[in-house]
Amino acid sequence: MSTPGISILEGKYMVTMDLFPQQSKEFNQIYEFYEYLKEGRFTTTKCKDCGSEPFPPRVMCPDCYSTNMEWIDWPTVGTVIDVTEEAVGVPLGFGKPPMIHALVDLDGKRTLFLRIINCNAGQLKSGDKVKLSVFDVDPVPQEVGREVVQIARVFYAFEPMK
Amino acid sequence: MDRNVCVIAGGMSKWGVRDGSQRDFFQEAAKACYDDNPLLNPKEIDGLLVASAYTERTSYQTHLAPLVAEYVGVKPKNICARVELLCASGSSAIILAFAMIKSGQADIVMVAGGEKLYTPQKWEVFYSELASVDHDWDGGQGLGLPPPVFAMVAKQHMLKYGTKKEHLGTVSVKNRRNSAKNPKAQFQTPVTMEEVMSGRMIVPPLTLYDCCPITDGAACLVLAAEDKAKDLTDKPLVYIRGTGQASVNNMSGNMPNWTTWEALKIAAHQAYSKAKVDPKEVNVAMTHDCFTISEIIEMEDLGFCEKGEGGFFVADGQNDFGGQVPTNTDGGLLGCGHPFGGTGIRQGMEVMRQLRGDAVQQVPNAMTGLTHNLSGFISAHTVLIYGREVA
Ligand SMILES: [Zn+2]
């Protein structure tokens with residue numbers, strides 16, 4: 001027997017609370033990032049007053065403290081600087097080792113340390129191109145009034161360009 | 001009011017994969033601390049700062065400081081609170097205790113730090129570390145436990161400066177040799193360069209002995225105003241001379257440089273300036289060797305050697321006994337282990353002993369000591385400078 005809305009009793013509490021962020025607007029004011037992600041877009045917020053492009057996206061500009069922010073698209077393709085392959089210590093929920101990460105130059109916007117999926121060990125090298133890859137993650141059973149609604153969620157990694 | 005501040009007692013529980021609970025370890029550490037200085041009456045302690053990062057997760061306990069006060073038999077009246085900065089929680093608590101005493105807000109403050117990290121389900125600790133980084137962004141990339149981050153640091157440092165895997169190995173061999181002589185350390189056996197070089201692969205180029213373990217345990221330190229300290233210890237007075245703590249980024253995408261740690265340089269500059277100490281005057285150091293590559297970069301960014309020469313500096317024995325700045329003389333994180341909130345306090349305790357002259361492995365005539373913690377995604381750095389003389 002399960003109690004609606006109390007996901008711990010369905011054995012789902014940890015996967016819904018712990019691995020990935022809350023993405024519904026009730027729990028996250030930058031929920032649009034995840035809406036755009038579902039469309040295959042990688043976005044951040046740009047400050048309309050000073051032009052700064054902070055990442056992760058913000059409610060307030062950390063440079064001029066304006067709250068006059070707009071969503072902009074960032075590149076979805078980057079260039080690998082270097083690669084690591086984790087043989088031991090991969091957290092639950094992130095698949096079997098090795099877990100691959102790469103330091104990626106996102107076309108001059110930022111140098112991001114990203115999880116690389118759909119990639120074999122030893123495959124990726126410095127100078128290779130990688131692109132955004134969006135996937136579904138466990139939905140959150142969220143209480144809405146007396147009902148429980150499954151809130152769909154996504155997250156992102158990057159993958160080698162074919 | 002601006003007073004001088006001394007460290008007058010310190011002790012730690014046995015560290016390792018321990019039987020027991022977080023509150024058990026705090027009591028063991030307090031007992032060792034009280035035994036270190038029988039002239040100190042714990043009833044006179046007027047402040048308590050408790051350092052613990054995972055208490056809510058792995059011990060399901062918030063509002064920790066009053067609980068620890070109750071268990072270790074102190075009744076604070078000026079401060080009783082918890083401090084959290086993950087791996088640097090302990091040294092952050094020391095800085096705050098120092099500031100309270102220096103400014104006259106308290107006279108005798110105990111700092112106690114520790115964790116029970118192992119739970120009946122061992123995967124928990126790998127999993128819960130997703131909270132240590134920026135959870136919503138780096139956590140979602142599976143960057144919980146830090147080996148991939150430090151493996152990337154090591155690869156970049158090797159590429160840029162010619163640092164070798166053997167240089168990393170020198171650090172593990174040194175710190176494991178030191179911990180083998182420290183009965184409280186997690187690892188009681190030394191390792192050879194051959195063992196280190198053939199260790200189990202974690203994240204290339206980091207192998208098993210390049211990484212500090214996960215650890216249960218606690219440590220305590222007591223700080224006092226100089227006028228009180230003169231009556232409360234018959235050992236040489238050890239002063240806190242200067243401190244610095246800096247952060248320039250948190251999320252990995254905002255890290256300015258992977259092989260030069262800008263926040264470390266800022267924190268070190270602050271501490272050296274306040275302490276009126278030059279890096280070359282530091283006689284003994286406890287630096288944050290969470291990974292072997294960390295200790296190498298710390299030698300550079302703390303100013304003990306030139307940038308890029310850290311690997312060669314350690315391989316030359318310059319941060320071992322007989323060298324320029326013996327480092328991690330008690331075994332460091334690689335040998336003692338790393339119960340997050342306890343580490344900064346263990347470091348302060350070992351420096352206190354080195355400057356008092358009663359360390360297990362003594363650096364002769366040590367007058368000035370330094371501790372360094374890094375925390376999170378290499379995103380905050382904490383430096384304290386201790387001395388036999390005031391600044
Ligand atoms: Zn702005």
So, with points 7 Å from each Cα along the Cβ direction, the A:Ser66-B:His135 label distance in nm works out to 3.2
Over all directions, average the projected area of the Cα convex hull of the stretch A:13-162 and note it in nm². 10.3
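Per residue of B:243-256, what is the mean number of Cβ atoms on other protein chains within 10 angstrom of that residue's Cβ?
Mean inter-chain Cβ contacts per residue within 10 Å come to 3.
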How much of the pair distance distribution for the stretch B:192-343 lies past 24 Å, counting alpha-carbon pairs only, in percent? 44
How high is the relative contact order of the stretch B:292-391, in percent, with contacts defined as C-alpha pairs under 8 Å that are six or more residues apart? 15
One finds, for A:Asp73 and A:Phe27 with R0 = 30 angstrom and r their Cβ-Cβ distance, a FRET efficiency to the nearest 0.05 of 0.80
For chain B, list the cysteines whose Cβ sits under 4.7 Å from no other cysteine Cβ? B:Cys6, B:Cys80, B:Cys87, B:Cys211, B:Cys212, B:Cys290, B:Cys305, B:Cys336
Ranked by how many other beta carbons lie within 10 Å on average, peptides B:141-153, A:80-92 from highest: B:141-153, A:80-92
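Hey, got a sec? Which chymotrypsin sites (Phe, Trp or Tyr not before Pro) in the stretch B:38-91 land in a DSSP loop and have at most 13 other Cβ atoms within 10 Å? Before the final figure, lay out the partial values.
Values: sites: B:Tyr54, B:Tyr60, B:Tyr71; in loops: B:Tyr54, B:Tyr60.
Those satisfying the criteria are B:Tyr60.
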Within 10 Å of each Cβ in B:201-208, the average number of Cβ atoms from other chains: 4
Can you list the HN-Hα couplings for the stretch B:23-32, worked out from phi with the Karplus curve (6.51, -1.76, 1.60; θ = phi - 60°), rounded to whole Hz and with x for Gly and Pro? 5, 4, 5, 4, 5, 4, 5, 4, 4, 5
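Estimate the FRET efficiency between B:His269 and B:Thr62 by the formula 1/(1 + (r/R0)^6), using the beta-carbon distance for r and 35 Å for R0, to the nearest 0.05.
Details: r = 35 Å, r/R0 = 1.01.
Plugging the Cβ-Cβ distance into 1/(1 + (r/R0)^6) gives 0.50.
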Partners for B:Lys280 among aspartates and glutamates (Cα-Cα distance below 16 Å; same-chain residues under 8 apart left out): B:Glu298, B:Glu300, B:Asp301, B:Glu306, B:Glu309, B:Asp320
If each DSSP helix of 4+ residues adds -39,500 (n - 2.57) and the sum is divided by the residues in chain A, what number results at 222 nm, nearest 500 deg cm²/dmol? -1500 deg cm²/dmol
Aspartates and glutamates whose Cα lies under 13 Å from that of B:Lys230, excluding same-chain neighbours fewer than 8 positions away: B:Asp107
Exposed loop GluC sites (Glu not before Pro) only (DSSP loop, at most 13 other Cβ atoms within 10 Å): please give the longest stretch of chain B free of them, not including the sites. B:1-305
Helix B:165-179 vs. chain B, principal-axis angle (Cα, 0 to 90°, nearest 10): 30
The answer for the net charge of residues other than A:Gly93 whose Cβ lies under 9 angstrom from its Cβ, with Lys and Arg +1 and Asp and Glu -1, is -2
For the protein assembly as shown, take the convex hull of the Cα atoms, compute a quarter of its surface area, and give me that in nm², please. 26.4
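Could you work out the relative contact order of chain B? I mean the mean sequence separation of Cα pairs under 8 Å and 6+ apart, divided by the number of residues, in percent.
25 percent.
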How about B:Lys235: which aspartates and glutamates have a C-alpha closer than 17 Å to its C-alpha, ignoring those fewer than 8 places off in the same chain? B:Asp35, B:Asp36, B:Glu226, B:Asp227, B:Glu350, B:Asp358, B:Glu389
Provide a whole-number value for the mean count of partner chain Cβ atoms within 10 Å of the Cβ atoms in peptide A:103-111. 2
Lysine pairs with alpha-carbon atoms under 30 Å apart, the stretch B:107-201, spacing 8 or more or separate chains: 18
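Any read-out appearing in this document is the output of simple, stated calculations on the displayed coordinates, not a laboratory observation. Owing to the predicted nature of the structure, the values given are computational and were not obtained by experimental measurement. Backbone-built Cβ (ideal geometry, glycine too); neighbour counts: all protein chains shown.
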